[in-house]
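Values quoted throughout were computed directly from the atomic coordinates according to the rules given, and no laboratory measurement underlies them. Keep in mind the model is a prediction, meaning the values are calculated, not measured. Here the Cβ positions follow ideal geometry from the backbone for every residue, glycine too, while neighbour counts run over all protein chains shown.
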Amino acid sequence: MPPRPCEKNPGCIDTFSAEPRQFCPSANFSLDPMVIAERACTHVMNWRRQEYERRESKAKMDTVWGHIEAALSASNINRSEALRLLEVAEIKLLHLLDNTNRIAFQLRGRTLLAFMPCLKSRCARGEVTTENCRETYGMLGQTLRYYRQMQSNHQKDNSGYRNEIEVLALLARSEDTSVVAYPTSPREESSGVSRSTNHDSYVPRDDWNRKIPMQVKTGLNTRKYDPRILKISYHLDVLGVLSPTEKITSLADDIVADATGSSLAYPRYRLLNKATDVLISLINNFDKKR
């Protein structure tokens, strides 16, 4: 008998029997020991498969980051070797994106891929150009579009990471290479003595000889961070100051339209300009106080 949706919960479909899924709270559970055992075994097997896919994707992402960090370290010594390492990293990253359907790795992988033009320019010429920033901004716009598509397909919400991408996109949009922020590697993000030093991005300064670590949070966060970490409460510090009459929760759609060359109403374009200026001001003021 083909599978059918649960009558009380249309989104719950059992692919192994005609009965509603065992773990659906509205299902009529079967007391047949064989049915219970089959479903429990299926649940465990699915969990093990998903866990294997997660660990495999994480290992591949760590490998990509290892090549990128090695390239940045070698850029001041052997630029041709640094570019070779970045090319290998890009190939491995594209392979990962082609072979995983996990939304978290898709978002992080696409975000990292967007910064390849800036990283390649940094390794090849020792500097990042405004053209690199424009290219990165366009690719981050595509990443946010992908996020919106996944959101419309009822995938798990990743609004926290979406806010991080919005901040990275707005800073790349400025085309000011002194404030462009880059995502941190998993090694760097988790390498602090305590959670107070955790940060998800950084702004390189003084020809990449020092950096401003940044931690982007969606709303008010009471956790105390190291004074060297710039903590940005996105909804309060950025979106909250854009319009006194309109409650703004996201600029993703505006960024997608602006970055991909679609039409954007002038008031929304001004909001993007203001949000970019607010972020640049936060970074520069924080750097002056250090």
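The alpha carbons of segment 33-289 give a radius of gyration and a Dmax of 19.6, 68 Å, in that order.
Computed from point charges on the beta carbon alone (+1 for Lys and Arg, -1 for Asp and Glu), the dipole magnitude for segment 33-289 about its Cα centre is near 580 Debye.
Between the listed residues 279, 186, 115, the Cα displaced farthest toward the positive end of the dipole of segment 33-289, a dipole computed from Cβ unit charges relative to the Cα centre, is found at 186. The simple Förster model, with R0 at 22 Å and r as the Cβ-Cβ distance, assigns residue 150 and residue 249 a FRET efficiency of 0.80. For a straight C-alpha distance cut-off of 29 angstrom, the lysines reachable from residue 211 (same-chain residues fewer than eight places away being disregarded) are 58, 60, 92, 120, 224, 231, 274, 288, 289.
Taking the number of other C-beta atoms within 10 Å as the exposure measure, put 274, 211 in order starting with the fewest.
Result, fewest neighbours first: 274, 211.
Secondary structure note: in segment 33-289, about 65% of the DSSP beta bridges are antiparallel. Taking the number of Cβ atoms within 10 Å of each Cβ as an exposure proxy, the fewest-first ranking of 38, 51 is 51, 38.
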